[in-house]
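Peer 1: Below is one structure. I have some questions about it.
The values are calculated or read from the model by the stated rules, or taken from the named source; none is laboratory data. Only a predicted model underlies this, so the values are computations on that prediction, with no experimental measurement involved. Positions of Cβ are generated from backbone atoms using ideal geometry, with glycine treated the same way; all protein chains shown enter the neighbour counts.
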Amino acid sequence: MNTNIKSLWQTYEAYFPIGTAVNATTIHTHKDLLVKHFNSLTAENEMKFGEVHPAENSYYFEKADSIAEFALKNNMKLRGHTLLWHGQTSDWVFKNGNGTKVSREVLLKRLEDHINTVVGRYKDRIYCWDVVNEAIEDKSSHFFRQTEWLDILGEDFIEKAFQLAHKADPKAMLFYNDYNACYPEKRDKIYQLVRNLKEREIPIHGIGLQGHFNIYTPTLEEIKQAIDKYASLGIKLQITELDVSVYEFEDHRSLKMPTHEMIDKQADFYGKFFELLKEYKEVINGVTFWGPSDDVTWLNDFPVYNRQNWPLLFDNQHQPKEAYWRIVQ
Ligand code: HAH
């Protein structure tokens, strides 16, 4: 690792913490990079329902604990991700022993046990939870994403999750988290959801804009308008899963190397995006990358399996890229 360069988190100390997603491996393999540049961590997968609660009466916390310990030891903040999501949630949650669908009462009880156990375990460590992840539908056909949570619990599943999380840790900041949060159609639905929760005094303190961007979309103007709109609700905002793909979502090519144009566009995007974030430091209280460096990004397998992408600030050798220089200058 290049040890003479400026630390990211120190560069942004007057604005917001700089975080990254990690896993139980990268806390070892990427230790130097993590300690130097980041002062906040999120477990990429290790605190998800399916990981920590694989069967009704069994919890598994070894990996999650190793991340929590690493954060504590290195003076880093810790975000929790995530309590209620349609993805990476074990099937048993929605089923009776005989395979039929559980009742609302049973599912609420399971959600309560889960939230009490997980939030309770990290009460003194996690300052902020993504309570509900990706509950809004992208398309205009529905308001909510059609999931088993919605199907069995009904539309109040979101407020139930926030109430339970608040009861389990009254000090934690509670966030609603979603992707495509800067595109007008989904933005307006997220806004409406959170406004409604706030009006009814459900304990929600922020919106997480995942920030899975690419070098073409969304535009800076769309991002600014989304931030303005959400901020008008009087809540906090965080960028929770930042990366900037060099490919448009529909582009399934596999290049051997990013083109010069891609590298320039990416650096330009990051530079302007961080300028914008600095202007909004009163409402933005965290910016988290979804991985420390290009060798371990989830985008190397999504949406095209086993295709190298280059979405982060540090390359496969953990060296700073053009985009890094642009945001520390
Ligand atoms: C995120 N979804 C999830 O919040 C995170 O937990 C996961 O590790 C990676 C990305 C983004 C997403 C998706 O799940 C489906 C389609 C597009 C984007």
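Peer 1: Out of the residues in region 93-150 that are more than 22 Å from Phe175 (Cα to Cα) and assigned to a helix (DSSP H, G or I), which is nearest to the ligand (Cβ to nearest atom)?
Peer 2: Val93
Peer 1: Condition first: hydrophobic (A, V, I, L, M, F, W, C) and closer than 18 Å to Phe143 by Cβ. Now tell me which residues in region 153-194 satisfy that.
Peer 2: Leu153, Phe157, Ile158, Ala161, Phe162, Ala181, Ile190, Leu193, Val194
Peer 1: So which residues in region 93-120 are within 22 Å of Glu44 (Cα to Cα) and either buried (at least 20 other Cβ atoms within 10 Å of the Cβ) or over 24 Å from the mean Cα position of the chain (by Cα) (or both)?
Peer 2: Answer for region 93-120, where residues must be within 22 Å of Glu44 (Cα to Cα) and either buried (at least 20 other Cβ atoms within 10 Å of the Cβ) or over 24 Å from the mean Cα position of the chain (by Cα) (or both): Val93, Leu111, His114, Ile115, Val118, Val119.
Peer 1: Please go through region 23-78 and pick out each residue that is over 30 Å from Asn4 (Cβ atoms) and among the hydrophobic types (A, V, I, L, M, F, W, C).
Peer 2: Ala43, Met47, Phe49, Val52, Ala55, Phe61, Ala64, Ala68
Peer 1: Then there is this: Here are the criteria: (1) acidic (Asp, Glu); (2) exposed (fewer than 14 other Cβ atoms within 10 Å of the Cβ); (3) in contact (Cβ under 8 Å) with a residue 40 or more places away in the chain. Tell me which single one Asp178 does not satisfy.
Peer 2: With (1) acidic (Asp, Glu); (2) exposed (fewer than 14 other Cβ atoms within 10 Å of the Cβ); (3) in contact (Cβ under 8 Å) with a residue 40 or more places away in the chain applied to Asp178, the lone miss is (2).
Peer 1: Can Ile239 be described as in a helix (DSSP H, G or I), touching a helix residue (DSSP H, G or I) at 6+ places or on another chain (Cβ under 8 Å), modelled with pLDDT of 95 or more and within 16 Å of the ligand (Cβ to nearest atom)?
Peer 2: The answer is no for Ile239.
Peer 1: Pairs please, first residue from region 204-225 and closer than 17 Å to Glu241 by Cα and assigned to a helix (DSSP H, G or I), second anywhere and away from the ligand (no atom under 16 Å from the Cβ) and of a type in the set (Val, Ile, Thr), Cβ atoms under 9 Å, 6+ apart in sequence or on different chains.
Peer 2: none
Peer 1: Out of everything in region 272-320 that is within 22 Å of Asn45 (Cα to Cα) and in a strand (DSSP E or B), what residue ends up being farthest from the ligand (Cβ to nearest atom)?
Peer 2: Selected residue: Phe314.
Peer 1: Mind listing whichever residues of region 69-85 are within 21 Å of Gly206 (Cβ to Cβ) and outside any strand (DSSP E or B)?
Peer 2: Ala71, Met76, Trp85
Peer 1: Hey, another quick one. When you go through (1) in contact with a strand residue (DSSP E or B) (Cβ under 9 Å, 6 or more places away or on another chain); (2) within 16 Å of the ligand (Cβ to nearest atom) one by one for His53, which number turns out not to apply?
Peer 2: All conditions pass for His53, except number (1).
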